Amino acid sequence: MQQTNPRVADASRSSIPLFPDIALGEVLPLDEHNATLVSNLHPRDWKNPEPAPRYNLVVLGAGTAGLVTAAGAAGLGAKVALVEHHLLGGDCLNVGCVPSKCVISSSRLVGDSRKAAAFGVRFPGGTEVDFPAVMARMRRLRAHISHHDSVQRFQHELGVDVFLGTGRFTGPNTVEVGGKALNFTRAVLATGARATHPAVPGLAEAGFLTNETVFSLTELPKRLAVLGGGPIGCELSQAFRRLGSEVTIIEMGAQFLSREDPDAAALLAETFRREGITVKLGTTLTSVTTSGTDKLLHLELGAQQEILTVDAILVGVGRAPNVEGLNLEAAQVQYSKTGVQVNDFLQTTNPLIYAAGDICMGYKFTHIADTTARIVIQNALFLGRKKVSALTVPWCTYTDPEIAHVGMYERDAEQKGIAVSTFTIPFSEVDRAITESEEEGFVKIHVKSGTDQILGATIVASHAGEMISEISVAMAGRVGLGRLANVVHPYPTQAEAIRKAGDAYNRTRLTPFVKKLFSRWLTWTR
Ligand SMILES: Cc1cc2nc3c(=O)[nH]c(=O)nc-3n(C[C@H](O)[C@H](O)[C@H](O)COP(=O)(O)OP(=O)(O)OC[C@H]3O[C@@H](n4cnc5c(N)ncnc54)[C@H](O)[C@@H]3O)c2cc1C
């Protein structure tokens, strides 16, 4: 039992068979927006086409990786079949990036309104959150975006044969869906990943939310425990806190956002503390019991024990690859609990079958699903030799402030035995950040010592996700930090922090010897 919200539970008992083919958990409540979503992404009256005798490409899974592969390959003239057993668009559109960013954008307004008085702007009536309206807005925008990923668009505009149903291999070059055989020259596994939950006694019985059900809520949980302090846990904790929940994050590790730069995580920890989010680090959930509608979380913090009482539990502790039911053995594709095994060209152990996105990548991001799909099109269909290891990978956690990163952390460089020099510019030195009272973050750029080659960077800023691309472009285009200092940046912008880091690097080149030479030249030309 994963769904606990009373209104959602009521809806799931509804006798209206609006979406009979789909697990109801993801498309509740049954309103016009979700009806549009389902009619675009899994129309109930859809009739699968007659399969072609052979496809250039059969794509299993229609999340970002599958859609990009199918659309790109069909656009280049390939005969493509796309197989999806749930909603086209996958996690990103339905239960991931899109709904989370919609909810976060509402919660940002709450955060901004709380800072307003310091800017001389007052809301005498205070800020009131209409949670059902926040969620209705999210559903409306998600349904609006869903046209782009619709079954009709893929079949009729892009010329992809769309098969709704569960795909499974019946041999090294055949997939079966709904009793029909799809023969292929090449196939792509793009079946993604799903939320996992820890085997804690009582958790399943008490009921919990995951990303697959939390966006179906229509009522705000008053007290919310978030299990796991990763990016999903942190983003949703702050959003729910700002929308009015009392939020407690339970994290086993000593730092939340454990992969992130420690200074960035510390800064976010301080923001969370100020906003009234309780963070319990080094804490283990040992069991869950219930008392009426209350859920009692039994926690262990070292030798200390504690009980936390909440109305809902949101689990965000990890992702498991969707490898089950595909009959990968018949296709001679090897996999493990971390996903499908691929080489640097994204080829599986069956050379006819490639993989893209969450099913095979450690970086579980939509932009990586998109990028790996593009690599697969070239490698699978056009004898390409594009390598995943050549990618420069940025990402962003959409808290407020955002934490964006690209390339190596200091610890990665250390592990590889590469000496780095780090240039850090706090936003308290950047005019635009000062004018916007956003002085807390920083830009931190690592270069290979003795050179200006950028190895990695972390930015903590209100829109760090927008800023990190400048560094990604520089890294991908082999533009050094010294040269970035000579790129004209508009004034005043927060991106000037990057130029200032470049200036700081260039100052290190002004050694006493160079300075002496300059001084002599200037004396001579006076
Ligand atoms: C709450 C949340 C927020 C996120 N926010 C961001 C963000 O802001 N930015 C970002 O970059 N990433 C974000 N992500 C990650 C992002 O959603 C994923 O990395 C991305 O969706 C992966 O795409 P994919 O195509 O590999 O897999 P998926 O989107 O999981 O698609 C796989 C598809 O395959 C289908 N499928 C599985 N098995 C079969 C089968 N046997 N037959 C037919 N179909 C099958 C599934 O139904 C699914 O539709 C977020 C994730 C979550 C959970």
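Only the coordinates and a few stated rules stand behind these numbers; no lab work does. Owing to the predicted nature of the structure, the values given are computational and were not obtained by experimental measurement. Virtual Cβ from ideal backbone geometry, glycine too; neighbours counted across all protein chains shown.
Principal axis extents of the Cα atoms in segment 160-215, from largest to smallest and rounded to whole angstrom, are 46, 23, 20.
Mean separation of Cα pairs under 8 Å and 6 or more residues apart, divided by the residue count, gives the chain a relative contact order of 13 percent.
The phi torsions of segment 107-116, fed into the Karplus equation with coefficients 6.51, -1.76 and 1.60 and a -60° offset, translate into couplings of 5, 5, 4, 5, x, 5, 5, 6, 8, 4 Hz, rounded to whole numbers, with Gly and Pro shown as x. Annotation: average projected area of segment 353-475 is 9.1 square nanometres, based on the convex hull of Cα atoms across all directions. Using every pair of distinct Cα positions in segment 218-325, the Kirkwood expression returns a hydrodynamic radius of 14.5 angstrom. What the phi angles of segment 81-88 give under the Karplus curve with 6.51, -1.76 and 1.60, with θ = phi - 60°, is a coupling list of 10, 10, 10, 9, 9, 10, 9, 4 Hz, glycine and proline written as x.
In terms of other Cβ atoms within 10 Å, Asp161, Asp412 run from fewest to most in the order Asp412, Asp161. Annotation: the residues Arg168, Arg54, sorted from fewest to most other C-beta atoms within 10 Å of their own C-beta, follow the order Arg54, Arg168. Among Met361, Met252, the order by Cβ neighbours within 10 angstrom, fewest to most, reads Met252, Met361. Within the P(r) computed for segment 426-526, what percentage of the Cα pairs occupies the region above 17 Å? Counting pairs separated by more than 17 Å, the tail of P(r) holds 55 percent. Cα centroids of segment 238-293 and segment 336-354: 36 Å apart. Stokes-Einstein diffusion for segment 175-263 at 10 °C, viscosity 1.306 mPa s, with a Kirkwood radius from C-alpha pairs, works out to 97 µm²/s. Given the pairs Lys387/Lys444; Lys364/Lys500; Lys364/Lys387; Lys448/Lys515; Lys47/Lys79, which span a C-alpha to C-alpha distance of over 26 angstrom in this model? Lys387/Lys444; Lys364/Lys500, as the Cα separations exceed 26 Å there. When every Cα-Cα distance of segment 311-401 is counted in 10 angstrom steps from zero, the calculated P(r) takes the values 15, 42, 29, 11, 3, 0 percent.
Taken over the alpha carbons of segment 19-169 as equal point scatterers, the Debye sum produces base-10 log I(q)/I(0) values at 0.17, 0.18 Å⁻¹ of -0.92, -1.00. Here the chain is treated as an ellipsoid with the same Cα gyration tensor; its semi-axes, largest first and in whole Å, are 41, 33, 22. Our analysis of segment 100-161 gives Rg over Rh at 1.28, with the two radii drawn from alpha carbon positions and Rh computed by the Kirkwood formula.
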